[in-house]
Amino acid sequence: MTLRVYEFSKKHGIPSKDLISLLRNKGFEVASHMSILPSDAIAFLELHVKQGSGALHKNTPTHQEDVLEEELDIETPADSASIILEPMTVSGFAHAINKPVSEVIIALLKQGVMSTKNQILPEKVISQLAHLYSISLIEKPVEKKVSVHHAAVDQGEKVERQPVVVVIGHVDHGKTTLLDFIRKTRVAAREKGGITQHLGAYEAKTSQGNVVFLDTPGHEAFSLIRVRGLKVADIAILVVAADDGIMPQTIEAIKAARAVGLPIIVAINKVDKASPQQIESVKRGLGQYDLIPEEWGGQTICVPISAKTGQGVSELLDIIVLQSQLMELTASIDIPARGFILESKLEKGRGPVATVICQHGILKVGDNFVCGSVRGRVSSLIDSAGQRVDSVLPSIPASVAGFSELPQVGDLFEVVTGAEIKKSHAALGQKVAPVRQVMHENALNIIIKADNVSSKEALLQSISKISGKTFKQFYVVASGVGSITESDIDLALDTKSLVYGLHVKVEPNAASLAQKMSLSIKLYDIIYKMLDDLQIVAERGRPIKKITKKIGEASILKVFDIKNLGIIAGAHVRSGRFSRDGKVVVWRGKYKVGEGAIKSLQRDKKSVKDVQAGFECAFMVDGFTDWVVDDRVECYLEVTEVE
């Protein structure tokens, strides 16, 4: 039976990163917490656990120090060093005594203290470590006043934060279903058309610890939204359906995650209805993009799961938490909150709102903030569970109200003082009114309304791609967020525009005006249906021309002269097909001897519409009767072609 690093970690309650440090210091090759432990490594760790446990029950500190010095090969400095006796981080202590951080962590582990390099050690533990390393202690001097910002950022004294995980992959591969299972809610059921069309941020409570998940849309039109999710995440979960394999958005997701340097964990989904061969095929496909599975000697962790049944999800959560522990994620909480806008929209009763994830600081109701050219004051905070809260910690997503207007998605969000708000307001100056562009004669004028900024951007980007490939180009007269209003209808009437809405409603006054003026408003729940309809509308009016196309060739086998009927040619169709609606050209050797339209076509004495290659047939032609055996006959058909 194989045993991995993280399994040994769970069994003995020792952090995986500490085990990895210990093993590497003793010459064992371990790549990650998913590495399979060889038998000699297991024996070594078991011995250390046993000795460490025994050392904790010894009454004399001398014995404990002897054990540690023997196991860690601690060298006493030649010149007696000294440090100030005060609380400090593990890494700070290691730096002060010029020792590797991993060595200090292991020394603490032997004393029964589990720690990370950023964990703050109390004076008592610092004193014990100083005694162990023969370091003399100096009483703490009177502190000079230091700003909170410098204390938190410059000295690196930060708190651990929960990981932000982005779930990426191709459309319909099970990303939202996976999150749905983890959160025990029905988010997937609420998505129109079975696809996620917004960036959702959810805090999930798991037995392994809290994790913030970002759900991203898989449809091609939402590539910008996926990139934003990747930029604020710590870890990427790439969901690949075992029965579908590597698809276009899978490849795009891999490239995007690599571009921002995110570690990728692969969740091979739908294994409940896939064969082992299909799962292996997915792994081979991943290898083509340098995601070599760990069991094949690579560094990529692949976890087979079923988001529908929950198979393997617990193990996936274990891997996520272990990966985040190795990354030692931290945040400063004693500085003004700072983060990014994930999404923004107009909400009834709250006005302009935005989904915000802060990377540092505690965001509180009443905080003043700036965000690009937008400013405001936090009037309310709603967490991912829909509950009103007074404050949120770093990494926790929240819906923030209090913006002066809709912020741009991806903008930096910063909490500032009231004085800074006034200063930024003065710097913005007066806004310049938008200039209406000149409309083109052959353009299809449209007005776009969506429920949030990301959807609007996705639409505009997709429309831009379509435009130029269609007969008529698109000209977006106006685009906005929120319901379709009476002013939108007025603008549409003035500019002869079509009105399209995605996930929005039409206000009563606007609906009445549109009906009165016979203006059609198109509303959609799914983006690709809207884009398909736009493409159809843009192709209307394209000129159509008819061309004559050769569709088949035959050779004459026999000629029949039927009384009261006429001359009939018996032929063998050698290629293509012969059609009753076609015309023929007759060749005798190198010379064209005649042509005409087919007026009857038979096969096996039955009238037919077409005769395919390989079959014999008989036909009569208007305007030609001078048939000779071995004549070559070409059949042509008039078809329409879009210019």
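Taken over the range 360-370, the criterion of being open to solvent by less than 10 Å² (accessible area, probe 1.4 Å) and closer than 20 Å to A233 by Cα is satisfied by G361, L363. So for the range 606-615 (the condition being over 30 Å from L444 (Cα atoms), touching a Lys or Arg at 6+ places or on another chain (Cβ under 9 Å), open to solvent by 40 Å² or more (accessible area, probe 1.4 Å) and hydroxyl-bearing (S, T, Y)), does at least one residue qualify? Checking the range 606-615: at least one residue is over 30 Å from L444 (Cα atoms), touching a Lys or Arg at 6+ places or on another chain (Cβ under 9 Å), open to solvent by 40 Å² or more (accessible area, probe 1.4 Å) and hydroxyl-bearing (S, T, Y). T216 meets all of the listed conditions (1) open to solvent by 10 Å² or more (accessible area, probe 1.4 Å); (2) at pLDDT below 80; (3) within 24 Å of S344 (Cβ to Cβ) but one, namely (1). Of all residues in the range 506-556, those satisfying the criterion of being farther than 21 Å from Q473 by Cβ, touching a residue at least 24 places away in the same chain (Cβ under 8 Å), in contact with a helix residue (DSSP H, G or I) (Cβ under 9 Å, 6 or more places away or on another chain) and β-branched (V, I, T) are I521, I526. Return the residues of the range 252-283 that are in contact with a helix residue (DSSP H, G or I) (Cβ under 8 Å, 6 or more places away or on another chain) and modelled with pLDDT of 85 or more; say none if nothing qualifies. Residues satisfying the conditions are P263, I264, I265, V266, A267, I268, N269, V271, I279, K283.
Assess whether F474 counts as being among the aromatic types (F, W, Y), within 20 Å of A201 (Cα to Cα) and either at pLDDT 80 or above or buried (at least 19 other Cβ atoms within 10 Å of the Cβ) (or both). So F474 does not fit the description; no. Looking at Q311 and the list (1) farther than 22 Å from M327 by Cβ; (2) in contact (Cβ under 8 Å) with a residue 60 or more places away in the chain; (3) not in a helix (DSSP H, G or I), which single condition is not satisfied? Answer for Q311: the failing condition is (2).
Among the candidates I463, I446, I484, the residue that is at pLDDT below 85, under 23 Å from I536 (Cβ atoms), of a type outside the set (K, R) and in contact with a strand residue (DSSP E or B) (Cβ under 7 Å, 6 or more places away or on another chain) is uniquely I463. Exactly one residue among V621, V593, V629, V633 is aliphatic (A, V, I, L, M), under 14 Å from L557 (Cα atoms), over 60 Å from the mean Cα position of the chain (by Cα) and open to solvent by less than 90 Å² (accessible area, probe 1.4 Å), and that residue is V629. Checking each residue in the range 14-25 for being of a type outside the set (D, E, K, R) and open to solvent by less than 40 Å² (accessible area, probe 1.4 Å) picks out I14, P15, S16, L19, I20, S21, L22, L23. The condition (being surrounded by fewer than 17 Cβ atoms within 10 Å (Cβ to Cβ) and touching a residue at least 40 places away in the same chain (Cβ under 8 Å)) is satisfied by just one residue among S399, S373, S384, S395: S373.
Which ones in the range 500-532 are β-branched (V, I, T) and more than 22 Å from S344 (Cβ to Cβ)? Residue satisfying the conditions is I521 alone.
For the range 478-490, a tally of residues being under 18 Å from D533 (Cβ atoms), open to solvent by 20 Å² or more (accessible area, probe 1.4 Å) and among the β-branched types (V, I, T) returns 0.
In the range 580-598, the condition of being over 20 Å from L565 (Cβ atoms), free of Cβ contacts under 8 Å to residues at least 24 places away in the same chain and assigned to a strand (DSSP E or B) is met by at least one residue. For the range 333-359, the set of residues classified as at pLDDT 85 or above, crowded, with 23+ Cβ neighbours inside 10 Å and of a type outside the set (A, V, I, L, M) consists of G339, T355, C358, listed by residue number. Yes or no: the range 321-328 includes at least one residue that is open to solvent by 20 Å² or more (accessible area, probe 1.4 Å), touching a helix residue (DSSP H, G or I) at 6+ places or on another chain (Cβ under 7 Å) and either without any contact (Cβ under 8 Å) to a residue 40 or more places away in the chain or within 24 Å of Y6 (Cβ to Cβ) (or both). Yes, the range 321-328 contains a residue that is open to solvent by 20 Å² or more (accessible area, probe 1.4 Å), touching a helix residue (DSSP H, G or I) at 6+ places or on another chain (Cβ under 7 Å) and either without any contact (Cβ under 8 Å) to a residue 40 or more places away in the chain or within 24 Å of Y6 (Cβ to Cβ) (or both). Counting only residues that are acidic (D, E) and farther than 16 Å from R580 by Cα, the range 594-643 holds 5 of them. When the residues of the range 511-563 are filtered to those that are of a type in the set (V, I, T) and closer than 30 Å to D610 by Cα, the one that is nearest to the chain's Cα centre (by Cα) is I544.
For the range 89-135, a residue qualifies if it is open to solvent by 50 Å² or more (accessible area, probe 1.4 Å), under 23 Å from S324 (Cβ atoms) and either among the hydroxyl-bearing types (S, T, Y) or at pLDDT 80 or above (or both), and exactly one does: P100. Entry remark, the range 441-453: residues being part of a loop (DSSP other than H, G, I, E, B) and under 32 Å from the mean Cα position of the chain (by Cα) number 1 in total. Would you call E539 under 30 Å from L502 (Cβ atoms), touching a strand residue (DSSP E or B) at 6+ places or on another chain (Cβ under 9 Å) and open to solvent by less than 80 Å² (accessible area, probe 1.4 Å)? Against the criterion (under 30 Å from L502 (Cβ atoms), touching a strand residue (DSSP E or B) at 6+ places or on another chain (Cβ under 9 Å) and open to solvent by less than 80 Å² (accessible area, probe 1.4 Å)), E539 qualifies. When residues in the range 184-201 are screened for being surrounded by 19 or more Cβ atoms within 10 Å (Cβ to Cβ) and modelled with pLDDT of 50 or more, 2 of them pass.
The values are calculated or read from the model by the stated rules, or taken from the named source; none is laboratory data. The structure presented is a predicted model; accordingly, all values stated were derived computationally and were not measured. Don't worry about glycine lacking a Cβ; one is built from the backbone with ideal geometry, like all the others, and counts go over all protein chains shown. All accessible areas refer to the heavy atoms of the entire protein, side chains included, with ligands and DNA or RNA removed. Shrake-Rupley method; radii C 1.70, N 1.55, O 1.52, S 1.80 Å.
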